[in-house]
Amino acid sequence: MSLTIKHLIGLHGVPSDDIQTILDTAKTFREVLERPIKKVPTLQGKTIVNLFYEDSTRTRISFELAEKRLSADTINFSKSGSSTKKGETFKDTIRNIEAMKVDMIVVRHESAGVPQFLTRISKASIINAGDGRHEHPTQALLDMYSIRERLGKLKGLKICVIGDIAHSRVALSNIFGLQTMGAQVSVCGPLTMIPQNIESLGVKIYTDISKAISENDVLNVLRIQLERKAGTSIPTLREYHNYFGITAERIEKNNKDILILHPGPINRGVEITSEVADGPYQIILDQVTNGVAIRMSVLYLLGTRQ
Amino acid sequence: MSLTIKHLIGLHGVPSDDIQTILDTAKTFREVLERPIKKVPTLQGKTIVNLFYEDSTRTRISFELAEKRLSADTINFSKSGSSTKKGETFKDTIRNIEAMKVDMIVVRHESAGVPQFLTRISKASIINAGDGRHEHPTQALLDMYSIRERLGKLKGLKICVIGDIAHSRVALSNIFGLQTMGAQVSVCGPLTMIPQNIESLGVKIYTDISKAISENDVLNVLRIQLERKAGTSIPTLREYHNYFGITAERIEKNNKDILILHPGPINRGVEITSEVADGPYQIILDQVTNGVAIRMSVLYLLGTRQ
Amino acid sequence: MSLTIKHLIGLHGVPSDDIQTILDTAKTFREVLERPIKKVPTLQGKTIVNLFYEDSTRTRISFELAEKRLSADTINFSKSGSSTKKGETFKDTIRNIEAMKVDMIVVRHESAGVPQFLTRISKASIINAGDGRHEHPTQALLDMYSIRERLGKLKGLKICVIGDIAHSRVALSNIFGLQTMGAQVSVCGPLTMIPQNIESLGVKIYTDISKAISENDVLNVLRIQLERKAGTSIPTLREYHNYFGITAERIEKNNKDILILHPGPINRGVEITSEVADGPYQIILDQVTNGVAIRMSVLYLLGTRQ
């Protein structure tokens, strides 16, 4: 039960056996989270640095909790209050941190490719917590875990990712991971939000949300990232909601067996109504809980790899 | 020795047995703080999130030390660098944090009522570290502990809270807690700083500081909160000091047996002179030490409640 | 193996036996850093507060890692989000922190003398992590450790500190520490960057970098601190580089046995070329690793002192 990968940069190219091992190991940690004592001594004496160059609440806290529950020592580093303003290069910052003998680095960065770059300059295990529009592999892994938990499998399922596919690292990681596990992935959204070459990945494109709902088993509803200028791709939020918003009416009319995922944070009334976000079809808070278990699994498997 | 309360939102309505249990348990932890090894394994494997939406040094550090000395895992969350700016509702932020399986949430917020609201949306134990003008229960508990330590009792004592009562959560928590324990609470300050209906709580009003000093056993001197526009309630800080400042002269003339408390941070020369703040009547730094013991007690009792 | 000093404020006046003990103990911790489990239980139950009033990445992380690897509980305090803006005096802030029963305080401050001041108002052990232009003793200790590791000794070595000596706390700590250990210290830089009275400390002045390279065993190359207005002492960075920059050409021409140190962060192409900073003469990343070991040593020796 040892991974072939040394780092988790993305799900592109990760073998299905590795994904299977991560999901299965997460199941064990998911049970630990229900215990009164949610802590195991597995990574005692290991040091993990959380390098968050982009603001984040849930992902940072989720990783930090996972690290502490594995008994690792954690150091948090954010862009503010750092030496980057002293003119030090990013490479020198990383080589310095690595020289302090850290075992793993969890990194979030606004630029795609930064985690990959780190694997070349550091001996530590690198875990990508989101890099630009590239990948966000632990999010996709927790999505897969949550789907498998509810539907018992991934193979053969039809999963549609809804929203701003072009600017989404979550979409890309979902596509790579789910396809590897034998699911069929499609996307749905305004054409301005869908990359032109996505069909070459074997991904079907929907522009009709009703059809997307009726023909799929799972919807993964992305948030419209107001803070990343999604506004330039759509006329108004209201119009987006009218055409692509997930409403109870649309679900009940097209597919009452659908399972709804959302990576959060939710824009209520934009990509999803409050009725759906709090309703019976969704498993949004399960995803959050499972996220801690998935991160414990990844940290454990990479941190104890021989 | 188990509490009837599940959360600590305020001292209003908390039974005297619970307060007694918290104070007695704090005494044990106060002794732990004098040991070379100030740590007990009581909350090992429990996770506590410190949600500070308002800046704070001493209260945050005091809670964090209490948590670490109980061997809990702690996660700090402050408003800056969070997802609130991504348009997520406060309720969704909290439900997400809770879904990560945290056991307790310590919350400070500028709006009264937020901790109470949290008890409705989260399964975690909620501890109020100060909410708007409402309550700051651990401050009042440490005040009570410090008074009892010096004077041997609370019942029958006369305690006057001095300053901006109208804007003070410390004053309100003191009134509720001390009255429950059988003390007589009064207030003293300019009438612009005293809420009109306070007498309905059985609280006597002084406008003459000399009389307040001579007729009470304890003064709890609030800080004039310059950063919260106290200035609109008083003409000048000098005038406030002239009428209500606690000076050595006033103490020696009116009551040499008085005990002086102050929740900090001190405005030297405004509500209290340096001579008094560093002098023999006050127990200001004892309050700080006792604050860690009180918070250990509250966290322990709520965290191990069946 | 117990130190005579209770605090580490600077290396001025610290006896050679104490420095020897710190360096020898660091060697043990340096070995711990190569183990899979880099943690020892030595300071379990001790509380260390990191008071960083000046931004810092590497020094803060280095101390925090050292503390966690000694199993101490750590509290971080930075200027932002603190009560200093509430008008509290620095002295009151410190006395409050101390009243919470902390064992050690690591302090960085822009004003020289602050750590010394803390020793007078606190019972905790104080460790200076850099105060204004005064001292940065753990930096000098890690420099000495790194030199001794490579050259087998300190006694009799010739070491030249290059750069803005007048504004450098690193230079001063190097001079005091190295001289105590029997090394000969010189400085080299533009005369506008060299304090007039430095010769009275027994320190030779070079203004010719080639001569400094050829006559010394070790160069400690300071960074030109752009953020501290070094610009007022030199015409341009290019001119500084032309006259004092450490280049491969200068080394190869004058002294191929030289050892190059740099405290970081590096300004590549200003005080040192990338070729030298990444080349065979330098031990810059060794210094970073040794820094964690030195800080573990200092914290351990002061934290377990009877």
Close Lys-Lys pairs in the range A:137-287, where close means Cα under 30 Å and separation is 8 or more or interchain
19
So what's chain A giving for Cα Rg divided by 2.2 N^0.38 Å, two decimals?
0.99
Taking the Cα centre of the protein assembly as shown as origin, sum charge times position over the Cβ atoms of Lys and Arg (+1) and Asp and Glu (-1), and report the length of that vector in debye to the nearest 20.
900
Does the range B:175-251 come out rounded, prolate or oblate, given a ≥ b ≥ c as the square roots of the eigenvalues of its C-alpha gyration tensor, rounded meaning a/c under 1.5 and, failing that, prolate meaning a/b above b/c?
oblate
Residues C:F29, B:F63, B:F90, C:F52 arranged by fewest to most Cβ contacts within 10 Å:
B:F90, C:F52, C:F29, B:F63
Along the Cα-to-Cβ line of C:K256, 7 Å from the Cα, sits a label point; which residues in the range C:145-170 have backbone N less than 20 Å from it?
C:151
At q = 0.04, 0.05, 0.07 Å⁻¹, what is the base-10 log of I(q)/I(0) for the protein assembly as shown according to the Debye formula with one equal point scatterer per Cα and no solvent? Please give it to two decimals.
-0.22, -0.34, -0.66
Computed from the mean reciprocal separation of all distinct C-alpha pairs, what Kirkwood hydrodynamic radius does the range B:128-187 have, in Å?
11.4
HN-Hα couplings for the range C:6-21 via Karplus (6.51, -1.76, 1.60; θ = phi - 60°), in whole Hz with x for Gly/Pro, come out as 9, 10, 10, 8, x, 8, 4, x, 6, x, 4, 4, 5, 4, 4, 4
Run down the aspartates and glutamates and flag those whose C-alpha is under 12 Å from the C-alpha of A:K38, throwing out any fewer than 8 positions away in its chain.
A:E67, B:D73, B:D103
Positive-pole candidate from B:S71, B:V203, B:Q179, dipole of the protein assembly as shown, charges at beta carbon:
B:S71
Size of charge dipole - the range C:137-287 - debye, nearest 20, with Cβ of Lys, Arg +1 and Asp, Glu -1, no other charges:
240
Label distances, nm, B:T236 versus same residue in remaining copies, Cβ-directed 7 Å point:
5.6, 5.6
Please report the antiparallel percentage of the DSSP beta bridges confined to chain B, to the nearest 5.
5
List the distances, in nm and shortest first, from the label point of A:G113 to the matching label points in every other copy, placing each point 7 Å from Cα along the Cα-to-Cβ direction.
5.2, 5.2
Chain lengthening between B:L201 and B:E110 when straightened (0.36 nm per residue, less Cα-Cα)
30.3 nm
Pairwise over distinct Cα atoms, reciprocal of the mean inverse distance: report the Kirkwood radius of the range C:137-287 in Å, one decimal place.
15.1
Cross-link list A:K101/C:K27; C:K46/C:K91; A:K46/A:K91; A:K68/A:K101: which exceed 21 angstrom alpha carbon to alpha carbon?
C:K46/C:K91; A:K46/A:K91
Quick check on the range B:50-178: of the DSSP beta bridges with both residues there, what percent are antiparallel, nearest 5%?
10
Could you tell me, in Å, what Rg and Dmax come out for the Cα atoms of the range C:73-231?
18.3, 55
Note, ³J(HN,Hα) from phi for the range C:144-156, Karplus 6.51, -1.76, 1.60, rounded to Hz, x at Gly and Pro
4, 4, 5, 5, 4, 4, 7, 9, x, 6, 10, 4, x
Assuming R0 = 35 Å, what is the FRET efficiency of B:K123 and A:L151, from their Cβ-Cβ distance, to the nearest 0.05?
0.85
Can you find, among A:L154, A:T192, A:I258, the residue sitting farthest towards the positive end of the charge dipole of the range A:137-287, where Lys and Arg contribute +1 and Asp and Glu -1 at Cβ?
A:L154
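We did not get these values from a lab; they are worked out from the coordinates using the rules stated. This one's a predicted model, so the numbers in the text were calculated from it and none came from an experiment. Because the Cβ atoms are built from the backbone with ideal geometry, glycine has one as well, and the counts that use them run over all protein chains shown.
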